[in-house]
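The values are calculated or read from the model by the stated rules, or taken from the named source; none is laboratory data. These numbers come from a predicted model, not from an experiment. Cβ coordinates were reconstructed from backbone atoms using ideal geometry, including for glycine residues, and neighbour counts include every protein chain displayed. These accessible areas exclude ligands, DNA and RNA; they are computed on the full protein's heavy atoms, side chains included. Shrake-Rupley method; radii C 1.70, N 1.55, O 1.52, S 1.80 Å.
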Amino acid sequence: MTSNTSVWVTVLAGGAGTRFWPLSTSLRPKQLLNLVGRRPLIVDTLERVRGLVPPGNIRVLTGAHLVEPIRRATGLGDESILVETRARGTAPALARAAWEIARSDPDGVMISLHSDHLISPAAHFRDILATAADVARRQDLLVTVAVPPNRPETGYGYIRPGEALSTPTRHTAYRVAAFVEKPGPEDAARYVADGYRWNSGIFVWRAAFFLAELATHAQEVARALPALERGDIATFFDQVESTSVDEALLERSARVAAIDATFDWDDIGGWEAVARLHPPDADGNVRAGEAHVAGGEGNIAFAESGRVVLFGAQDMLVVRTDDITLVMPRSELVRLKEHLRDLPARFTRTTDDGGAGPDSA
C-alpha cells in the first residue's frame with residue numbers, strides 16, 4: 001500500500017487528560033507525554049504508519065487548544081490537523097473526518113487510530129491495516145481490528161466473533177456477531193475462555209460508506225450531517241449528540257467485520273497501564289523518575305519533578321509534578337474522574353474539556 005493515494009489515516013488526539021492526572025491535563029494530554037518511551041505517544045502513532053499512506057493522507061483530530069502543541073510535537077502542517085469545535089465523542093469526530101476525506105477522494109478508505117495505543121511490531125500492524133483496507137474497499141464493510149486477549153480485562157469492550165468472511169483473506173477475518181461493553185471480572189474471564197476478542201478501537205472503512213451507514217443507523221449524528229455538507233463545522237458540532245462510534249453505529253449496523261491482530265497491543269488508558277508496561281521490583285512496586293520505595297508492596301511511584309519516597313506503603317499511587325502531588329489507593333483509580341469533579345477549581349484549572357471525545361481522554 002505504499003503511496004496508495006486512496007487510503008487515509010485519521011488519528012483521534014483530543015481528550016481531557018483526566019486518566020493520567022495530574023501528569024496529564026487538557027493542555028498537556030497523555031498523547032503529548034513520553035509515558036512508555038522517549039517520544040510522545042502521538043509521535044509513535046504517526047511513525048507507525050510511515051510508508052502505509054503518503055504523508056499528505058494523514059489527518060489528526062483535536063481540540064483548538066491542542067493544535068499548537070500537536071504541531072510542535074509532530075511537525076504536521078495546518079492542512080493535516082482537523083479542529084473539533086466541541087468534544088462530542090468518536091462518532092461525530094469520525095464523521096467529520098470521513099466527510100473531509102470523501103469530498104476530496106470519493107472512494108477513499110479511512111483508517112481510524114487512537115493516539116494513545118502501544119503497538120508492536122509496527123510491520124505486523126501495517127500488514128493488518130493493509131488487509132483491512134482491502135476488505136473494506138472490496139466488500140463495503142466496517143472493519144474493526146480485534147485483539148486476541150491475554151488476560152481477563154474489565155476495562156475493554158469485547159467482540160464475539162461470527163462467521164468467517166466469504167472472501168478469504170491472509171488473516172483471520174469474520175463478521176462481528178456482537179459487541180459487549182466493559183464486563184465485570186467473572187464475565188471477562190468467561191469471554192476470554194469462550195474466544196471473544198478485545199475491541200481495539202482501530203477501524204477501517206470507505207469514508208463514503210461510513211457516512212451512508214451513519215445516515216441510516218445513527219440518527220444522533222445523521223440529523224447534524226446537513227451542516228457538514230454545507231461545510232459548517234461549528235454548527236455540526238453544536239447540533240450533533242455526543243456518542244461513541246461503537247454505540248451509534250457498530251452495534252447497529254449489519255455490515256461490521258473484524259480482523260484479528262497479529263501484533264501486541266495495549267491501550268495506555270491510565271495509571272494501571274504504567275504498572276503493566278514498566279517492570280516492577282521484587283515487591284511489585286513500579287517506579288519512574290526519582291522515586292524510592294521501601295518496606296511496601298504493589299505501589300506506583302511516579303516523579304516527574306523532585307523526589308518521591310514511600311515507606312511501608314501498600315498498593316498506593318503517588319504522582320509528583322511541578323505543582324501537584326497526588327496520593328491515592330490504586331483501588332480508587334477507577335473513580336479518578338469522579339474525584340476530580342469534586343476538587344476545587346484551583347486544583348483542576350487545566351482539566352477542562354479537551355476535544356476529540358471522551359473515548360480518547
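Could you identify the single residue in E181, E213 that is acidic (D, E) and either modelled with pLDDT under 95 or more than 23 Å from the chain's Cα centre (by Cα) (or both)?
On inspection, the qualifying residue turns out to be E181.
List the pairs whose first member sits in segment 239-253 and is open to solvent by 20 Å² or more (accessible area, probe 1.4 Å), whose second member is among the aliphatic types (A, V, I, L, M) and modelled with pLDDT under 95, and whose Cβ atoms are under 8 Å apart, counting only residues at least 6 apart or on separate chains?
Matching pairs, first to second residue: S242/A87.
Are any residues in segment 294-317 over 31 Å from the mean Cα position of the chain (by Cα) and either touching a residue at least 40 places away in the same chain (Cβ under 8 Å) or within 12 Å of M328 (Cα to Cα) (or both), and if so, which ones?
Hit for segment 294-317 is A313, nothing else.
Restricting attention to segment 62-72, does a residue exist that is closer than 21 Å to W205 by Cα, of a type outside the set (K, R) and surrounded by 24 or more Cβ atoms within 10 Å (Cβ to Cβ)?
yes
Of the residues A122, A130, which single one is among the small types (G, A, S) and over 18 Å from the mean Cα position of the chain (by Cα)? Show your work before the answer.
Details: A122 fails: over 18 Å from the mean Cα position of the chain (by Cα).
The conditions single out A130.
Any residue at all in segment 181-188 that is assigned to a helix (DSSP H, G or I) and either within 24 Å of I81 (Cβ to Cβ) or of a type in the set (S, T, Y) (or both)?
no
Consider R151 carefully, then state whether it is open to solvent by 50 Å² or more (accessible area, probe 1.4 Å) and free of Cβ contacts under 8 Å to residues at least 12 places away in the same chain.
When the stated conditions are applied, R151 does not pass them.
Check segment 305-315 and report whether any residue there is outside any loop (DSSP other than H, G, I, E, B) and either closer than 21 Å to S26 by Cα or among the acidic types (D, E) (or both).
Within segment 305-315, not a single residue is outside any loop (DSSP other than H, G, I, E, B) and either closer than 21 Å to S26 by Cα or among the acidic types (D, E) (or both).
Would you point out the residue of segment 153-178, among those that are assigned to a strand (DSSP E or B) and of a type outside the set (A, V, I, L, M, F, W, C), that is farthest from the chain's Cα centre (by Cα)? Before you say what the answer is, go through the steps one by one.
Just the residues of segment 153-178 that are assigned to a strand (DSSP E or B), to begin with: 158-164, 173-178.
From what's left, of a type outside the set (A, V, I, L, M, F, W, C): 158, 160-163, 174-175.
Working: Y158: 15, R160: 20, P161: 22, G162: 24, E163: 27, Y174: 23, R175: 22 Å.
So, considering only residues that are assigned to a strand (DSSP E or B) and of a type outside the set (A, V, I, L, M, F, W, C), the one farthest from the chain's Cα centre (by Cα) is E163.
Provide a single number: the residues in segment 138-152 that are part of a loop (DSSP other than H, G, I, E, B) and in contact with a Pro (Cβ under 9 Å, 6 or more places away or on another chain).
Qualifying residue count, segment 138-152: 1.
Name the residue, out of R197, R223, that is open to solvent by 10 Å² or more (accessible area, probe 1.4 Å) and either within 23 Å of P29 (Cβ to Cβ) or more than 17 Å from the chain's Cα centre (by Cα) (or both). Reasoning before the result, please.
Details: R197 fails: either within 23 Å of P29 (Cβ to Cβ) or more than 17 Å from the chain's Cα centre (by Cα) (or both).
Result of the check over R197, R223: R223.
Quick one: what pairs do we get from segment 111-130, first residue without any contact (Cβ under 8 Å) to a residue 24 or more places away in the chain, second assigned to a helix (DSSP H, G or I), C-beta under 9 Å, 6+ apart or different chains?
From residues that are without any contact (Cβ under 8 Å) to a residue 24 or more places away in the chain, there are no pairs.
Give the residues of segment 299-338 that are in contact with a strand residue (DSSP E or B) (Cβ under 8 Å, 6 or more places away or on another chain) and of a type in the set (S, T, N, Q), sorted by residue number.
At the first step, the residues of segment 299-338 found to be in contact with a strand residue (DSSP E or B) (Cβ under 8 Å, 6 or more places away or on another chain) are 299-320, 325-330, 333, 336.
N299, S305, Q314, T325 - these are the residues of segment 299-338 that are in contact with a strand residue (DSSP E or B) (Cβ under 8 Å, 6 or more places away or on another chain) and of a type in the set (S, T, N, Q).
State yes or no: is R38 surrounded by fewer than 24 Cβ atoms within 10 Å (Cβ to Cβ) and under 22 Å from A136 (Cβ atoms)?
Here the answer is no, as R38 does not meet what is asked.
Give me the helices (runs of 4 or more DSSP H) completely within segment 212-276, filtered to those with at least 1 residues that are among the acidic types (D, E) and out of contact with any Lys or Arg (no Cβ under 8 Å at 6 or more places or on another chain), ordered by residue number.
Passing ranges, in order: 219-222, 225-229.
Looking at V293, V286, can you tell me which residue is over 30 Å from I202 (Cα atoms) and surrounded by 14 or more Cβ atoms within 10 Å (Cβ to Cβ)?
Just one listed residue meets the conditions, V293.
Run down R28, R19, R50, R59 and say which single residue is more than 26 Å from P92 (Cβ to Cβ), open to solvent by 10 Å² or more (accessible area, probe 1.4 Å) and of a type in the set (D, E, K, R).
Just one listed residue meets the conditions, R50.
Give the number of residues within segment 277-297 that are at pLDDT 95 or above, of a type in the set (G, A, S) and either assigned to a strand (DSSP E or B) or closer than 22 Å to L118 by Cβ (or both).
3
Filter segment 325-348 for residues that are over 20 Å from E304 (Cβ atoms) and either in a strand (DSSP E or B) or touching a residue at least 24 places away in the same chain (Cβ under 8 Å) (or both); which is most open to solvent (accessible area, probe 1.4 Å)?
K337
Tally the residues that are touching an Asp or Glu at 6+ places or on another chain (Cβ under 9 Å) and either among the hydrophobic types (A, V, I, L, M, F, W, C) or outside any helix (DSSP H, G or I) (or both), restricting the search to segment 128-137. So that I can check it myself, show each step before the final result.
Here is the first cut: in segment 128-137, the residues touching an Asp or Glu at 6+ places or on another chain (Cβ under 9 Å) are 128, 137.
Narrowing the set further to residues that are either among the hydrophobic types (A, V, I, L, M, F, W, C) or outside any helix (DSSP H, G or I) (or both) leaves 128.
Residues in segment 128-137 being touching an Asp or Glu at 6+ places or on another chain (Cβ under 9 Å) and either among the hydrophobic types (A, V, I, L, M, F, W, C) or outside any helix (DSSP H, G or I) (or both): 1 in total.
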